[in-house]
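Chemist: The following block contains the structure, expressed as structure tokens.
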Amino acid sequence: MPKGSKELTAARKDEIISACAELYKTMSFKEITIKEIGNITTFTRTSIYNYFQTKEEIFLALLQREYELWVVDLKRIQNENEKMTVSEFANAIAKSLEERKNLLKIMSMNHYDMEENSRIERLIDFKIAYGQSLAEVRNCLDMFFPEMTIQEKQDFIYSFFPFMFGIYPYTVVTEKQKEAMKQAGVNYVYMSVYEITYAEVRKLLD
């Protein structure tokens, strides 16, 4: 790790993560390289290796940041509402994920490879953020649906979080995929991130 303040280290990590996020808007995971990321940072490409050893570590850090931002959203839902109906809660959760497209997009990738090619300390940092999101969803259920049993809350979490992995590939479909489904005779019904999430939360709570 290079010499310098913790603030400088944090700032450079954030710049690398943001550069990756910017490239991810128009490029696929396979297309993005550390060289490509380095080309849009303010320091040399080789300096990236002082902070992240692999491309997978950078994506894992981006996913961590997305979870942390979602945790902020979940806390805001709790802070701004004393009570919520099932419909109101489903609406709030759906809107929160509608704003976290990168979270959903990265979740649809192969987590095994991303985690396997990251150092244990990077993986621990990520798991902390992931664990916080689990905790905040449970806190929402505790607050807004106190009548739910411990098992019912656990069932919600064990159903909803795996469901999140499929939101992006189901709601973001390329023209090539549409044409393939058309020729295969697949009756695909388009749903937005909001629509599919709202429907799932209502189904799990009703």
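The values are calculated or read from the model by the stated rules, or taken from the named source; none is laboratory data. In this text, all values refer to a predicted model and were calculated from it rather than measured experimentally. Neighbour counts are summed over all protein chains in view; Cβ atoms, including those assigned to glycine, are modelled from backbone coordinates with ideal geometry.
Chemist: Here is a check on your reading of the model: is Val86 surrounded by 18 or more Cβ atoms within 10 Å (Cβ to Cβ), in contact with a Leu (Cβ under 8 Å, 6 or more places away or on another chain) and at pLDDT 95 or above?
Modeler: Criteria not met by Val86.
Chemist: While we're here: Picking from Asn79, Asn39, Asn50, which residue would you name as being in contact (Cβ under 8 Å) with a residue 40 or more places away in the chain and of a type in the set (S, T, N, Q)?
Modeler: Asn50
Chemist: Okay, next question. Of the residues Glu136, Glu115, Glu152, which is out of contact with any Ser or Thr (no Cβ under 6 Å at 6 or more places or on another chain), exposed (fewer than 15 other Cβ atoms within 10 Å of the Cβ) and of a type in the set (D, E, K, R)?
Modeler: Checking each option against the conditions leaves just Glu152.
Chemist: While we're on this one: Need pairs with beta-carbon distance below 8 Å; first residue over 16 Å from Gln53 (Cβ atoms) and within segment 16-35, second surrounded by 12 or more Cβ atoms within 10 Å (Cβ to Cβ) and among the polar types (S, T, N, Q); sequence gap 6+ or separate chains.
Modeler: Pairs that qualify, where the first residue is over 16 Å from Gln53 (Cβ atoms) and the partner is surrounded by 12 or more Cβ atoms within 10 Å (Cβ to Cβ) and among the polar types (S, T, N, Q), are Ala19/Thr41; Ala21/Asn102; Tyr24/Asn102.
Chemist: Just give me the residues in segment 24-43 being in contact with a helix residue (DSSP H, G or I) (Cβ under 6 Å, 6 or more places away or on another chain) and hydrophobic (A, V, I, L, M, F, W, C), in sequence order.
Modeler: Ile32, Ile34, Ile37, Ile40
Chemist: So how many residues does segment 43-66 have that are part of a helix (DSSP H, G or I) and polar (S, T, N, Q)?
Modeler: Keep residues of segment 43-66 that are part of a helix (DSSP H, G or I), which gives 45-50, 55-66.
Of the ones still in play, those that are also polar (S, T, N, Q) are 46-47, 50, 64.
Total satisfying the criteria: 4.
Chemist: Can you pull out every residue in segment 155-174 that is exposed (fewer than 13 other Cβ atoms within 10 Å of the Cβ) and modelled with pLDDT under 90?
Modeler: The answer is Thr174, and nothing else.
Chemist: Shifting gears a bit: Looking at Lys101, Lys127, which one is surrounded by fewer than 20 Cβ atoms within 10 Å (Cβ to Cβ) and over 21 Å from Glu31 (Cα atoms)?
Modeler: Unique residue meeting the criteria: Lys127.
Chemist: How do the pairs read when you match residues in segment 149-170 that are over 12 Å from Arg138 (Cβ atoms) with residues anywhere that are charged (D, E, K, R), using Cβ under 7 Å and keeping only pairs 6 or more apart or on different chains?
Modeler: Phe163/Glu200; Tyr168/Lys105
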